[in-house]
Amino acid sequence: MKRPIIRIFTSLFRTRSRKLYLANKEAARALVHERVKHFVDSHYGPRHGIAVGKIAIRNQKSRWGSCSKHGNLNFNYKLVFMPPEARDYVIVHEICHIKEFNHGRGFWALVAETVPEYRALRKQLRNVS
Ligand SMILES: [Zn+2]
């Protein structure tokens with residue numbers, strides 16, 4: 001990893017500022033839609049038949065993203081401030097939950113297909129969440 005994510009993101013991760021959210025949510029929505037489409041179209045759709053339901057952008061304090069049983073994904077708008085590799089890991093993580101609704105070996109193997117360095121990214125993000 002080139003930069004330590006932890007120091008950069010701890011205070012940002014804790015804020016619930018509505019002003020910051022409103023100023024950035026549309027940029028976050030555009031970015032998240034583009035990256036989800038990229039990973040689904042280039043890999044997870046054709047290889048694994050994964051289709052994403054609705055995507056929502058939220059102002060959350062305690063998580064970067066989540067996946068519902070119906071394949072709908074939620075993402076924290078603060079992803080716009082993350083380094084690209086960390087942001088992509090969060091996005092791939094939630095996409096993979098559509099097929100593997102757990103954190104078992106099959107799930108991590110699916111993540112590793114597009115984010116082979118997921119372990120280091122996960123470790124860094126866990127320290128902020
Ligand atoms: Zn997960």
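Quick look at the values:
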{"item": "Within the accessible area of the chain (1.4 Å probe), percent carbon and sulfur", "result": "51 percent"}
{"item": "Crossing angle, helix 18-39 versus the chain [Cα axis fit, 0-90 degrees, rounded to tens]", "result": "20 degrees"}
{"item": "Potential extension, residue 101-residue 20 segment - 0.36 nm per residue separation minus Cα distance", "result": "26.0 nm"}
{"item": "Accessible area of the stretch 30-91 divided out per residue, in Å², using a probe of 1.4 angstrom", "result": "46 Å²"}
{"item": "Cα-Cα over 20 Å, subset of 78/123; 25/61; 69/99; 37/123; 99/123", "result": "37/123; 99/123"}
{"item": "For the stretch 1-123, Kirkwood radius (reciprocal of mean inverse C-alpha pair distance, Å)", "result": "14.8 Å"}
{"item": "About the Cα centre, charge dipole magnitude for the chain (Lys/Arg +1, Asp/Glu -1 at Cβ), debye", "result": "700 debye"}
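The values are calculated or read from the model by the stated rules, or taken from the named source; none is laboratory data. Because the structure is a prediction, the values reported are computed rather than measured. All Cβ positions, glycine included, derive from the backbone under ideal geometry; neighbour counts span all protein chains shown. Protein only, heavy atoms only, side chains kept; ligands, DNA and RNA dropped before computing areas. Shrake-Rupley method; radii C 1.70, N 1.55, O 1.52, S 1.80 Å.
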